[in-house]
Every structure is written in structure tokens, then in C-alpha cells.
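**Student:** What follows is a single structure, and I will ask about it in a moment.
The values are calculated or read from the model by the stated rules, or taken from the named source; none is laboratory data. Since we're looking at a predicted model, the values are computed, not measured. Positions of Cβ are backbone-derived with ideal geometry, glycine not excepted, and every protein chain shown enters the neighbour counts. What goes into the accessible areas is simple: the full protein's heavy atoms, side chains included, and nothing from ligands, DNA or RNA. Shrake-Rupley method; radii C 1.70, N 1.55, O 1.52, S 1.80 Å.
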Amino acid sequence: MKRFLAIISVVCGIWSGAAAQNITIAKGEPGKWMDEESVQNAWYLGRHGEHDCWLTRTEDGPKSFVRSDDWQVVEVDRNLRVLGRLELPMSRMCKVVTARLVDGTADVVLVDSSETKSVLILRAGVVLDSMKLVDNKIDTLLQYEKTPTDRSYVWGAVSENGDYMGVLMLLQMTKKLQYSAEALMFDETMEQIWRKEYGVGTTSSIAVSNDGEMITLGYEEVSDGERITINVITSRSGDTYGLTMSCDRIKDMQILNVVGRKVLCGGLFSPRDSNPKDRMVGGTVSMAFDMDSMSVTKFVMHPFQNEDMNILLNKKTKKVQRSQMAPMVSPLAYVRMPYGAVLAVGHRHVMHYMNANGTVSTSYYTQGIHLVAMDESGNVMWTRNVRRNDMQKNMDDKLYIALFAKGDTVCLVKSEHPKYPGSYDIAKDAKELEMGDKNNLVLYAVSAAGDVKKTVLEQKTKHSLVSAAKRENGDIVMLTLDGSKSRMVEMKIE
């Protein structure tokens, strides 16, 4: 029997002039109880009793699996030993739309579009006490007939309070130049409370309010600017708001938070005079929408400044950049905040190398993290930058950052080069770190006023951060990998 190991360390720091905060780290025993692929695919569901539950998949499963690579709901202890597992049969071709854990039942919504003649939206309810499917079956929520040339799109979202789960299905019939869209809303017991066909138009993301309303956001480039479409769909009605603006190209905009009756959106913009093939980004976008007046109350394009450019291009901050555009910048993560939201973006690119034997090797790179805090009215409260110069060969699962809220402080956890300064210092360019080498696990905490505090949580570890989630009690659970060995790290901030 393997010996249980838990290492506890306590670090005290001052966050933005407040009282000292205790950060307690509990590290489980590294092992192979949860294999590397399972960790890479892990989707956190929640806490069940004293254990954590994850949705995941792996080809290397128990012999009892009907077929490899099916999605599974697993319950694990702090050492990632699997205490309970249920395979979702025939789900290997499915994609996860959304999932949640309520009152001991894990609800997973999946879409199966592998068949040429139909699209299925499925719901698997798993009772964790017995590790059995609700009613011993996977339910079909929606089924659409289609032709091989038709395209299907499915979005899912859960309200912040967890009481509502929404699903939006859009089927684009290419030959007929038509589309159909249907929205469904479920309560905490997965009872369908309304279902509505509604012409949502172009859609990029959806959200669900704490009152069970579905909000959709879409944008597209038109001849005279950008066309933004927002829909608010309820059990009683559906309202559409459209706005065309003469502005730069919008990129990667999504709904970040719903605060009361305000919808907060954020993303990036690309200068209209740039070549789209160059994938240049000029800064971030914030937008606020009021559901009562059905109007956009704020739309702001916030250009990158000189420091932002130097961080994203990994140059010293003293360098003067002639251009205020950075290539291949994309969203990394976002988090809901009591005051609005924080969006993290970074520069990412891929390099392909031709080997002597004719094979091709691929390396993934990412430089810089640019944080943007937005209030519920769409105003930019502050921007902050964090150094990064990371690389991973063959895949990019370890090029991961965790972003979460602790009160009105946003916390960023990442793996970084062990020679980075122990305090927040971004003046110099960063040395390249190949993920899997020795690194430090660090925490950056940024207050609502924009004050930054850096804490080194673990020094010179070969474990790389791969996944993280926030428990209902506010604790953070993180999954790390060192080769084929996985580990859980629990963090409590008091």
C-alpha cells in the first residue's frame, strides 16, 4: 500500500494594503492513479462529500470499458485515486456542451454530430452516490435531421447561481440558404422549463442569467463596419437588438458576465486597415448591454500601449515600439468578478520544423499575459501585464493559466521560469521555459485598484499546471503533470 503524503506550506502576503492573507498549499502524492490523458481532458464538476468530481476521457481505461475514449464521470480523493467511475456509453464521438453538479447529481450535456443525417443533443445525469445514470439511460434532448452539407452549432451555459442550464442549437442548411435555431432552458433538476424556436442570427457565445434568461451575442463584418446582434430569450418572449458601427474588426468577443440586468462582453480588435491574413491585433474591446432598455450602453476599444506591446513581444519595457499592433494575440481565460470581469489575452504561435528524415515537428509558443479589468458598465478599470515566454513540443496542454476570483481580487496562477524575480517585476524580457522542465508555481493577485502582489507557491518543481477550478467554498484545486505522474494541489486563501 502506498503511503499517503500531504505537504503543507503556509505563505503570508499583503494584498493591496489589506490585512495579511494566509495561503495554504496541500499537495497530494504524485502517481499514475489518474493517467496523463485523463488529466489533460479534465472538466471540473464539483465537490461530492469529501471528494472532487471530474468529467474526463481517456483511451487507456479499465478493461470494463465498452469502448475506449468514452466520456466518464470520476470521483477522486486528494491523491487522484479514482474512488468511483461511470462511463457514459457510446459517447466517444460526442463533444461536451456544458456540465454541472447539483445536489449529488452530475448533469452533462453532449452533442453528437458524427452522423451525416442527424444531430443529437444528449443529457447524461449521473447520481454520484450510486454511480448510475438517472433512469439508467442517456436522454435525447433534441434531434435534428440534416444533409451531409448542413452545419450544426451548439452552445451551452450555466447561470452563475447554478439554478439554470441553457442550450442553444443552430442548424445551417447550406443548400437552402436557411437556418433554424432552438433554445432550451432547464432548472436545477434538469426539468425543461421552456423551449423556443427563435431566429438568433449570427452567434459567437451565449450566457444564462440568474433569472433563467438566455442571452446570445453575435458579430460580423459588414461593408460599413461591424454588425453586433444581441438576443434576450425568455419563456415568454424573445427580443433582438442590432447595431452597426463604423469601427475596427471585432475578434474573439464573448459574453464575460451578467451582472443584474447588465451584460458585459469583451474581446479583441484588429485594425481595419490591416491585412486579415496577418492576424494583427490592436487592443481589447469592452461592451456593456442593458437588458431593460435593450441597448448598448458602452462600447470601448482600448488600444495596446507601449508596455503591453513589449510584454506580448517579450521585449524590455524600455524599448519604444513603432507599431501598436501585435500578431496572433488571442484570449487565454476570463473570470467573473463582483465588479464585472477580467479578461486575459496573450501572444500565441506555432512553429513547424522539417526534420532530416522528412518528418515534421511542431512547437507551441506563448509570450506575455495582458490582463484587462472591466466594470459592469463596460469601463476599463485597469490593465496589468505579466511576463511569459513558454514553449511546449508536440502539444500545448501545459501552456495553461488559471484565473479565478477571491472577493474583488483576481488571482492568476501559472508555471514560470525559476529565474524569474520573486516579486512582481516586468522590466526585463523573459527567458524561454520549456514546459516539463523545472519551474516555479506562482500566484499573481491583483486588487480591484490594480495593485499587484506576487507569491511563489512552489519552487523548482517539474510538475506543470494543466487544469484548475474553484470549489464552492472558495478553495482552489489544481491538477499538475510531471511526465506521466499526475498530482492534485489544493490552495486555500484566507
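**Student:** Out of curiosity, is GLU226 in a strand (DSSP E or B) and without any contact (Cβ under 8 Å) to a residue 24 or more places away in the chain? Working first, answer last.
**Tutor:** Values: in a strand (DSSP E or B): yes; without any contact (Cβ under 8 Å) to a residue 24 or more places away in the chain: no.
Against the criterion (in a strand (DSSP E or B) and without any contact (Cβ under 8 Å) to a residue 24 or more places away in the chain), GLU226 does not qualify.
**Student:** Continuing with this model, one more query. Identify the single condition in (1) buried (at least 17 other Cβ atoms within 10 Å of the Cβ); (2) over 30 Å from GLY162 (Cα atoms); (3) touching a Lys or Arg at 6+ places or on another chain (Cβ under 9 Å) that ASP451 does not satisfy, given that it satisfies every other one.
**Tutor:** (3)
**Student:** Within the range 409-466, can you find the residues that are among the acidic types (Asp, Glu) and touching an Asp or Glu at 6+ places or on another chain (Cβ under 7 Å)?
**Tutor:** Just the residues of the range 409-466 that are among the acidic types (Asp, Glu), to begin with: 416, 425, 429, 432, 434, 437, 451, 458.
Once the filter is applied, which keeps residues that are among the acidic types (Asp, Glu) and touching an Asp or Glu at 6+ places or on another chain (Cβ under 7 Å), the range 409-466 yields nothing.
**Student:** If you don't mind, there's one more thing I want to ask. Pairs please, first residue from the range 92-113 and over 19 Å from ASP187 (Cα atoms), second anywhere and open to solvent by 30 Å² or more (accessible area, probe 1.4 Å) and in a strand (DSSP E or B), Cβ atoms under 6 Å, 6+ apart in sequence or on different chains.
**Tutor:** VAL111/LYS95; VAL111/VAL154; ASP112/LEU120; SER113/SER152
**Student:** Further question: Check THR147, THR140, THR202 and return the single one that is out of contact with any Asp or Glu (no Cβ under 9 Å at 6 or more places or on another chain) and in contact (Cβ under 8 Å) with a residue 24 or more places away in the chain. Working first, answer last.
**Tutor:** Numbers: THR140 fails: in contact (Cβ under 8 Å) with a residue 24 or more places away in the chain; THR202 fails: out of contact with any Asp or Glu (no Cβ under 9 Å at 6 or more places or on another chain).
Exactly one of THR147, THR140, THR202 is out of contact with any Asp or Glu (no Cβ under 9 Å at 6 or more places or on another chain) and in contact (Cβ under 8 Å) with a residue 24 or more places away in the chain, namely THR147.
**Student:** Find the residue count for the range 462-477, including only residues that are out of contact with any Lys or Arg (no Cβ under 7 Å at 6 or more places or on another chain) and part of a strand (DSSP E or B).
**Tutor:** Matching residues across the range 462-477 total 4.
**Student:** Would you tally the residues in the range 287-324 being more than 22 Å from HIS349 (Cβ to Cβ) and not hydrophobic (A, V, I, L, M, F, W, C)?
**Tutor:** The first filter runs over the range 287-324 and keeps only residues more than 22 Å from HIS349 (Cβ to Cβ), leaving 287-302, 318, 320.
Now drop any that are not not hydrophobic (A, V, I, L, M, F, W, C), which leaves 290, 292-293, 295, 297-298, 302, 318.
Matching residues across the range 287-324 total 8.
**Student:** Could you go through the range 205-225 and let me know if any residue there is open to solvent by 20 Å² or more (accessible area, probe 1.4 Å), within 29 Å of LYS117 (Cβ to Cβ) and over 25 Å from the mean Cα position of the chain (by Cα).
**Tutor:** Within the range 205-225 (the criterion being open to solvent by 20 Å² or more (accessible area, probe 1.4 Å), within 29 Å of LYS117 (Cβ to Cβ) and over 25 Å from the mean Cα position of the chain (by Cα)), the answer is no, since none of the residues qualifies.
**Student:** Scan (1) in a loop (DSSP other than H, G, I, E, B); (2) at pLDDT 90 or above; (3) over 19 Å from LYS470 (Cβ atoms); (4) of a type outside the set (Phe, Trp, Tyr) for the single condition ARG78 breaks and write down its number.
**Tutor:** That leaves (3) as the condition not met.
**Student:** Moving on to the next point. For the range 380-450, list the strands (runs of 3 or more DSSP E) that sit wholly inside it and hold at least 3 residues that are touching a helix residue (DSSP H, G or I) at 6+ places or on another chain (Cβ under 9 Å); which are they? Before you say what the answer is, go through the steps one by one.
**Tutor:** Values: elements: 380-393, 401-406, 409-416, 439-446.
The strands (runs of 3 or more DSSP E) meeting that bar are 380-393.
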